[in-house]
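J.: Below you'll find the structure I mean.
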Amino acid sequence: MILPIVGYGSPILRKEAEPVPKDYPNLKELIANMYETMYHSDGVGLAAPQIDLSIQLVVIGFRPYDEKTDSYGPEEERHTLINPEILETKGANKLFNEGCLSIPGIHEDVLRPETIVLHYFDEDWNEHTEEISGMFARVAQHEIDHLHGKVFTDRLSQLRRTMIRRKLNDVVGGKVNVNYRMKFSKKK
Ligand code: ZN
């Protein structure tokens with residue numbers, strides 16, 4: 001089932017999300033719905049607060065880019081993160097152009113550490129502690145921010161934020177052009 005995506009300006013995107021308990025009802029179905037919603041809107045990651053649920057759950061899916069062949073691999077990489085936690089950050093900070101399904105129409109370079117040590121549970125409640133980098137680490141950091149009430153535009157310089165203020169206000173007011181369903185705090 002495709003779920004509507006909460007737009008920037010909605011209070012749930014500013015809340016600290018609750019840990020997911022092991023007996024959370026219909027968790028597998030919820031995860032399947034989150035993947036379906038993410039693919040439908042051409043995203044590479046989706047955090048539960050973006051579908052109006054304040055819990056620590058993230059889905060990630062992308063085709064890894066191969067620098068040698070300058071193309072995207074055929075195999076999709078998927079990661080379900082339950083109660084994820086960044087234990088450590090490593091390496092240099094890198095700029096990468098990010099967007100967000102909750103903030104359509106805005107793409108900005110964001111500085112984040114290249115490598116992180118991530119602790120999480122997968123959809124079968126297997127525990128993982130992994131050192132990750134590249135696209136997985138990038139998307140994981142963006143989505144984990146959502147679990148702590150942060151969005152990627154918070155990480156921009158004061159100047160950049162001033163420059164996109166009007167576009168952000170348009171999103172708050174629901175003035176966006178997207179081909180997926182969204183929910184806004186204020187109506188048009
Ligand atoms: Zn986002």
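The values are calculated or read from the model by the stated rules, or taken from the named source; none is laboratory data. Bear in mind that the values here come from a model prediction, so they are computed numbers and not experimental data. Here the Cβ is made from the backbone with ideal geometry for all residues, glycine too, and neighbour counts use every protein chain on show.
J.: So in the stretch 102-134, with the set limited to residues that are of a type in the set (Gly, Ala, Ser) and either in contact (Cβ under 8 Å) with a residue 60 or more places away in the chain or within 11 Å of the ligand (Cβ to nearest atom) (or both), which one is surrounded by the most Cβ atoms within 10 Å (Cβ to Cβ)?
T.: Ser102
J.: Still on this structure, please answer the following. Check off (1) within 16 Å of Asn83 (Cα to Cα); (2) surrounded by fewer than 13 Cβ atoms within 10 Å (Cβ to Cβ) for Glu143 and give me the number that stays unchecked.
T.: (2)
J.: Among Ser185, Ser102, which is the only one that is modelled with pLDDT under 95 and among the polar types (S, T, N, Q)?
T.: Of the residues listed, the single one that is modelled with pLDDT under 95 and among the polar types (S, T, N, Q) is Ser185.
J.: In addition: How many residues are of a type in the set (A, V, I, L, M, F, W, C) and either touching a helix residue (DSSP H, G or I) at 6+ places or on another chain (Cβ under 8 Å) or within 11 Å of the ligand (Cβ to nearest atom) (or both) if we restrict to the stretch 135-165?
T.: Qualifying residue count for the region: 6.
J.: Tell me, please, whether a residue that is out of contact with any strand residue (DSSP E or B) (no Cβ under 9 Å at 6 or more places or on another chain) and of a type in the set (Gly, Ala, Ser) can be found in the stretch 134-143.
T.: no
J.: Residues that are within 16 Å of the chain's Cα centre (by Cα) and small (Gly, Ala, Ser): list the helices (runs of 4 or more DSSP H) wholly contained in the stretch 86-188 that include at least 1 such residues.
T.: In the stretch 86-188, 134-147 are the helices (runs of 4 or more DSSP H) which contain 1 or more residues that are within 16 Å of the chain's Cα centre (by Cα) and small (Gly, Ala, Ser).
J.: Out of the stretch 52-78, which residues are within 24 Å of Asp122 (Cβ to Cβ), assigned to a strand (DSSP E or B) and away from the ligand (no atom under 15 Å from the Cβ)?
T.: Those that are within 24 Å of Asp122 (Cβ to Cβ), assigned to a strand (DSSP E or B) and away from the ligand (no atom under 15 Å from the Cβ): Ile55, Tyr65, Tyr72, Glu77, Arg78.
J.: What is the number of the single condition among (1) at pLDDT 95 or above; (2) surrounded by 15 or more Cβ atoms within 10 Å (Cβ to Cβ) that Leu87 does not meet?
T.: Every condition holds for Leu87 apart from (2).
J.: Another question, then. Considering only the stretch 27-42, I want to know if a residue exists there that is closer than 21 Å to Ile116 by Cα and of a type in the set (Lys, Arg).
T.: No, every residue in the stretch 27-42 fails to be closer than 21 Å to Ile116 by Cα and of a type in the set (Lys, Arg).
J.: Looking at (1) touching a residue at least 60 places away in the same chain (Cβ under 8 Å); (2) outside any strand (DSSP E or B), which is the only condition Ile82 fails?
T.: Checking Ile82 against (1) touching a residue at least 60 places away in the same chain (Cβ under 8 Å); (2) outside any strand (DSSP E or B), the one that fails is (2).
J.: Looking at the stretch 28-35, is at least one residue in a helix (DSSP H, G or I), over 27 Å from Gly174 (Cβ atoms) and of a type outside the set (D, E, K, R)?
T.: The answer is yes, given that some residue of the stretch 28-35 is in a helix (DSSP H, G or I), over 27 Å from Gly174 (Cβ atoms) and of a type outside the set (D, E, K, R).
J.: Can I ask one more? For the stretch 36-51, name all the residues that are in a helix (DSSP H, G or I) and touching a residue at least 24 places away in the same chain (Cβ under 8 Å).
T.: Glu36, Thr37, Met38, His40, Ala48, Pro49, Gln50, Ile51
J.: If you check Arg14 against the conditions, is it surrounded by fewer than 22 Cβ atoms within 10 Å (Cβ to Cβ), within 16 Å of the ligand (Cβ to nearest atom) and not aromatic (Phe, Trp, Tyr)?
T.: Considered against the rule, which asks whether it is surrounded by fewer than 22 Cβ atoms within 10 Å (Cβ to Cβ), within 16 Å of the ligand (Cβ to nearest atom) and not aromatic (Phe, Trp, Tyr), Arg14 comes out as yes.
J.: Within the stretch 66-83, can one find any residue that is surrounded by 12 or more Cβ atoms within 10 Å (Cβ to Cβ), among the aromatic types (Phe, Trp, Tyr) and in contact with a helix residue (DSSP H, G or I) (Cβ under 6 Å, 6 or more places away or on another chain)?
T.: No.
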